């Protein structure tokens, strides 16, 4: 891992275990380049898009349990969300809802640093223009909502 850090710029924390025994637990590189702060084994990382697969799996489990369907509309859960009657769970999962893509926001560096309440997030996205009408567009980036 030291070579990966030196040669390829790896920054992160590695935990290797075998049969409940820690083989390697070590931090490499910087956790904050701006402030030149080294990673530690307790560094917290933003996991961004990695959560999408887990969210999708949880939603599909709810579908299996009959608690929702992929055809349910967003307004069933968020009654005041713009175009919520046109956006399905399926569209949210396959990124064809047209909802604003915050990752393309010119102020993204500042947006990522904010701690947001659920209501603030809903209000932020609800007040932004849609990239395309729900269900009509093909996402050109994997992180579109």
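Some observations on this one:
- Volume per residue of the convex hull around the Cα atoms, evaluated for the chain, comes out as 172 Å³.
- Computed label-point distance, nm, for sites residue 61 and residue 128 using a 7 Å Cα→Cβ extension: 2.8 nm
- Extension gain for residue 25 to residue 121 (0.36 nm times residue separation, less C-alpha to C-alpha distance): 31.0 nm.
- When every Cα-Cα distance of the range 48-126 is counted in 10 angstrom steps from zero, the calculated P(r) takes the values 16, 44, 34, 5, 0 percent.
- Spin-label model, residue 104 to residue 136: label points 7 Å out along the Cα-to-beta-carbon direction sit 1.5 nm apart.
- The residue 45 and residue 85 beta-carbon pair, evaluated with R₀ = 35 Å, returns a calculated FRET efficiency of approximately 0.40.
- Here each label is just a point 7 Å from Cα along the line to Cβ, and for residue 54 and residue 1 those points are 1.9 nm apart.
- Over the chain: helical MRE at 222 nm, DSSP H runs n ≥ 4 each giving -39500 (n - 2.57), nearest 500: -7500 deg cm²/dmol
Throughout, read-outs are computed from the coordinates displayed, never taken from laboratory work. Keep in mind it's a predicted model, so treat the numbers as computed, not measured. Note that each Cβ is placed from the backbone with ideal geometry, even for glycine, and that neighbours are counted across all protein chains shown.
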